[in-house]
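Just so you know, all these numbers are worked out from the coordinates, no wet-lab data involved. Keep in mind the model is a prediction, meaning the values are calculated, not measured. We place every Cβ from the backbone using ideal geometry, glycine too, and count neighbours over all the protein chains shown.
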Amino acid sequence: MKCEPVLSPALDSTKKDFSGACHCGAVRFRAVLSAGLSSARRCNCSLCRMRGAVTVSARLADFEILEGAEYLSLYEFNTRTAKHYFCSRCGIYTHHKRRSDPTEYGLNSACLEGVSPFDFEEVPVSQGVFHPSDPESAGRPGIVGILSFKPISD
Ligand SMILES: [Zn+2]
């Protein structure tokens with residue numbers, strides 16, 4: 001199973017520095033993506049399957065809230081290791097501190113300037129139901145499938 005996303009030709013695959021914001025613009029951030037947009041993925045855990053965001057990764061030191069930190073709300077569940085943040089005004093998920101790699105944040109790619117989730121023609125879906133940190137996950141594949149978006153040309 002291939003684990004790399006397929007980016008639309010409209011995206012610059014070498015770009016790593018991004019500005020980002022929630023929908024209402026109250027929360028603004030900047031980030032340097034550790035692997036650029038090639039870290040794009042979705043996840044099938046109970047939260048991500050509802051949230052539906054395509055996430056990308058940034059090292060903790062490479063992510064900075066520039067404005068609106070006071071608008072961020074924190075959501076935790078299960079082991080409460082992962083810290084999920086969203087804007088309390090517009091409800092949009094902006095970022096989370098990852099459970100599988102606490103040295104990184106996962107960011108909502110749709111919050112990045114110039115990036116849409118439909119700019120990914122194919123996105124790998126991570127195994128989140130059986131989390132890599134849980135003992136019962138041993139031997140399970142880390143990627144459970146590929147989501148694709150095919151634009152209809154006019
Ligand atoms: Zn907002």
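Points worth noting:
- Region 14-115, dipole about Cα centre (Lys/Arg Cβ +1, Asp/Glu Cβ -1), debye to the nearest 20: 360
- Highest-MSF residue in the chain out of Phe29, Phe120, Phe77 [GNM, Cα springs under 10 Å]: Phe77
- For the chain, modelled as a GNM whose springs connect Cα atoms under 10 angstrom apart, the maximal fluctuation among Asn108, Asn44, Asn78 occurs at Asn78.
- Distance (nanometres) between label positions extended 7 Å along Cα→Cβ at Glu122 and Leu74: 3.9
- Shown for Val27, Val54: other C-beta atoms within 10 Å of each C-beta, ranked fewest to most, produce the order Val54, Val27.
- Most mobile of Thr55, Thr79, Thr103 in a GNM of the chain (Cα contacts under 10 Å): Thr79
- Within the chain, the percentage of alpha carbon pairs spaced more than 18 angstrom apart rounds to 57%.
- In a fully extended conformation the segment linking Thr14 and Glu64 would gain 15.9 nm over its present Cα-Cα distance, using 0.36 nm per residue.
- Ranked by the mean number of other Cβ atoms within 10 Å per residue, highest first, peptides 11-17, 47-53, 37-43 order as 37-43, 47-53, 11-17.
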